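Any read-out appearing in this document is the output of simple, stated calculations on the displayed coordinates, not a laboratory observation. Quick caveat: nothing in here was measured; it's all calculated off a predicted structure. Neighbour counts are summed over all protein chains in view; Cβ atoms, including those assigned to glycine, are modelled from backbone coordinates with ideal geometry.
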Amino acid sequence: MAERREFASGYATRVIPLDMLYLFVLGSFLGIAGAKLADMNAPPMTRIPVWVWWALPVVYIMCDFAEDTLILILLTWPSTVDSLACAALAAYASGRRRGWLKFGDLG
């Protein structure tokens, strides 16, 4: 059991921070690229407000950040895993299988 705890701790301290950095870089790139493309005066793009091109990357960043935070909590404090957490995870997995939660699959 202690051996697995070391793997979980290593993942939480080494991989999760890199994933958080990646999500901010990717989200920023998507927002900047979308806004720049919208400013190029291409006819279909000019009808959509610039804030729309920032809204989707911001939603991506928020969802992936929440996911990484929950993974970090579960790996760092295993005592937080209880029946409520398992029920929430089961509901999330059920929503993904039914196609309700497709946007969080980017990360």
> According to a simple spin-label model (label point 7 Å from Cα along Cα-to-Cβ), what is the distance in nm between ILE48 and TYR92?
Replying inline: 2.8 nm
> Loop-only check: which trypsin sites (Lys or Arg not before Pro) in the range 1-66 are DSSP coil with at most 13 other Cβ within 10 angstrom?
Replying inline: ARG47
>> If each residue of separation counts as 0.36 nm, what is the full-extension length gain between MET62 and PHE24 once their alpha-carbon separation is subtracted?
In response: 12.7 nm
> Spin-label point model (7 Å from Cα, Cβ direction): what's the ASP82 to ILE16 distance in nm?
Replying inline: 1.9 nm
